[in-house]
Amino acid sequence: MAQDKALVELLYSLADDDFILAYRGSEWLGLAPHIEEDVAYSSINQDMMGHAVKFYSILEELGEGKADELSHLRAPERFRNAVLLEEKNGEGTYLEQPQFDWAFAVVRNYFYSVHKKIRMQSLKQSSYDPLTDSASKVLIELQYHLMHWETWFKQLMTSTDEAKRRMTAAIERCWNEMDGVLTLGPFAEEMISKGYIASEEEMRRKWLAHMEKTFEQVGAHLPGELGMTKGNGRQGEHIEDLNQALSTLSEVYETNPAAGW
Amino acid sequence: MTGIESKQMADTIYDVLQGVKDPEIDSVSILDLGMVEGVEVEGPLAKVGVLPTFTGCPALGIIQRDIVNAIIEVEGISEVEVNFLSKPIWTTDRITDQGKEQLKEFGISPPPANHTPGEPWEIPCPYCGSVYTTMENLFGPTACRCILYCRSCKNPFEAMKPVANIGDDE
Ligand SMILES: [Zn+2]
């Protein structure tokens, strides 16, 4: 098959988004607010890692290289995930003095999951069959993730003043970077004209409509314009946090690529 | 091999697959879980189509290995191919009645038969049958399970998450 750049770029953005956010989520293991949340969050991360594998496997079939190598050996500038999803969970590391921000985890995962649902619903109508099949499967599992994050989001937004203050700060932070998630990147036009996925505008409108409903339910207002201030991951722009994530992630793989997982 | 012989061979393989269990719920065979989509025999080659329950299920590799190890013992088979299929999608209504009973024995409440995705579902306790139960965690020790508590017999238990193909609701 001739190299279809738009398709390949779309698959990288789908795979990398899930891969990086699942990695950030896995750093929370043992640190979540309570043990039930540890179980839930790690289960969600495992699902998301599975989704990433699905998309990397399609790339493998398209001749991009082995799925394991695509996830572990690519240079940061070849990643197409949104910058918001690679950002650290907070100060410190999961091994040393983690000062992670739970409000940021809730808001980032909630915003992302809502968009992921819209994106998967669009992919269900994709002209490319492997995307249609994958999206149908992903949507089923995603439904549970969305319920989970929406519950956290609404409960914390209607909780104590401190919770609201922290949530408001996290919302502002994510809002300022969310356009990086919503954008399709430089190959947008071709992705849409080939029928792979719906337009950015349509998906952004649906995402905002969903947010408006949620915010209204918790008595809050949507912040102003959505932003993308730290770079466009869809065209390979990233921050230092991605380097840190990738070097941690690939440490074992690089030591022994033959190791079983 | 004639058509009839292949058919008999496929039946033999189904019998053997009855002994292959999900390593995370080892009372239920992958057949009763509805994970096997088809068996084909071409001479000494057996091909098994398998539907993953959850995408990120880490048990898939083990299931694949167990299928190969089980079928390779069948006389006349020297090669086994396991294919994970993305279509059709595995849903909980594929679990057989026997599978549902075996899940209960394992302490896992089987998924409800007619459940609308997104709606709350009534989950009877696998020990006492009471529906006076509360959901403790939508997620459990494996991707396909959730954790509940029975207010009648005061036992914690698990249930299989309902998985149905969802429509294009907004
Ligand atoms: Zn009971």
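The values are calculated or read from the model by the stated rules, or taken from the named source; none is laboratory data. This one's a predicted model, so the numbers in the text were calculated from it and none came from an experiment. Note that we place each Cβ from the backbone using ideal geometry, even for glycine, and neighbour counts take in every protein chain shown. With ligands, DNA and RNA removed, areas are computed over all heavy atoms of the protein, side chains included. Shrake-Rupley method; radii C 1.70, N 1.55, O 1.52, S 1.80 Å.
Numbers at a glance
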item	result
Protein-protein interface of the range B:53-98, residues with accessible area decrease of at least 20 Å², isolated chain reference, 1.4 Å probe	B:PHE54, B:THR55, B:GLY56, B:PRO58, B:SER86, B:LYS87, B:ILE89
Under-17-angstrom lysine pairs by C-alpha in chain B, whenever the two are 8 or more apart or on separate chains	7
Interchain or long-range residues, amide H under 5 Å from B:THR133's placed H	B:ARG151
Binned Cα-Cα distances of chain A, short to long, each 10 Å bin given as a whole percent	7, 31, 38, 19, 4, 0
FRET efficiency, 1/(1 + (r/R0)^6) with R0 25 Å, evaluated for A:GLU36 and A:GLU91 via beta carbons	0.50
Amide hydrogen neighbours beyond the local backbone of B:GLU158, cut-off 5 Å, H modeled	B:SER109, B:LEU148
Proximal charge balance of B:GLU73 [Cβ under 15 Å; K/R count +1, D/E count -1]	-3
For the range A:108-257: rounded, prolate or oblate by the Cα gyration tensor [a/c cutoff 1.5]	oblate
Size of electric dipole in chain B: Cβ of Lys, Arg +1 and of Asp, Glu -1, about Cα centre, debye, nearest 20	560 debye
Cα gyration tensor shape of the range B:106-160, rounded if a/c is under 1.5, else prolate or oblate by comparing a/b with b/c	oblate
Cα-only radius of gyration and Dmax that characterise the range B:72-121, units Å	16.4, 50
The range B:40-170 - Rg and Dmax from Cα coordinates, angstrom	17.9, 56
Phi-based couplings in Hz for the range A:202-209 (Karplus 6.51, -1.76, 1.60; Gly and Pro marked x)	4, 5, 5, 4, 5, 5, 5, 5
Relative contact order of the range B:3-84, defined on C-alpha pairs under 8 angstrom at six or more residues apart (%)	31 percent
Partners for A:LYS5 among aspartates and glutamates (Cα-Cα distance below 13 Å; same-chain residues under 8 apart left out)	A:GLU64, A:GLU189, A:GLU190
Helix-only [θ]222 nm of chain A, DSSP H runs n ≥ 4, -39500 (n - 2.57) each, per residue, nearest 500	-21000 deg cm²/dmol
Proximal charge balance of B:ILE89 [Cβ under 9 Å; K/R count +1, D/E count -1]	+1
Under-5 Å amide H pairs with B:GLU37, H placed in peptide plane, nonlocal only	B:GLY49, B:VAL50, B:LEU51
Loss of accessible area when A meets B, both sides summed, Å² nearest 100, probe 1.4 Å	2400 Å²
Estimated vicinal HN-Hα couplings, Hz - the range A:7-21 in sequence order (Karplus 6.51, -1.76, 1.60; Gly, Pro = x)	5, 4, 4, 4, 5, 5, 5, 5, 5, 5, 4, 5, 4, 6, 5
Length-normalised contact order for the range A:123-195 - Cα pairs under 8 Å, 6+ apart - percent	27 percent
Per-residue ³J(HN,Hα) for the range B:37-53, Karplus 6.51 cos²θ - 1.76 cosθ + 1.60, θ = phi - 60°, Hz, x for Gly and Pro	9, x, 10, 10, 10, 10, x, x, 9, 10, 10, 10, x, 10, 9, x, 6
P(r) of the range A:1-91 over all Cα-Cα pairs, binned every 5 Å from zero, in whole percent	3, 14, 22, 23, 16, 10, 7, 3, 1, 1
Around B:SER130: net Lys/Arg minus Asp/Glu count, Cβ-Cβ under 13 Å	+1
Where the protein assembly as shown is the region considered: accessible area per residue in Å², 1.4 Å probe	45 Å²
For chain B, calculated [θ]222 nm from helices alone, where every DSSP H run of n ≥ 4 adds -39500 (n - 2.57)	-6500 deg cm²/dmol
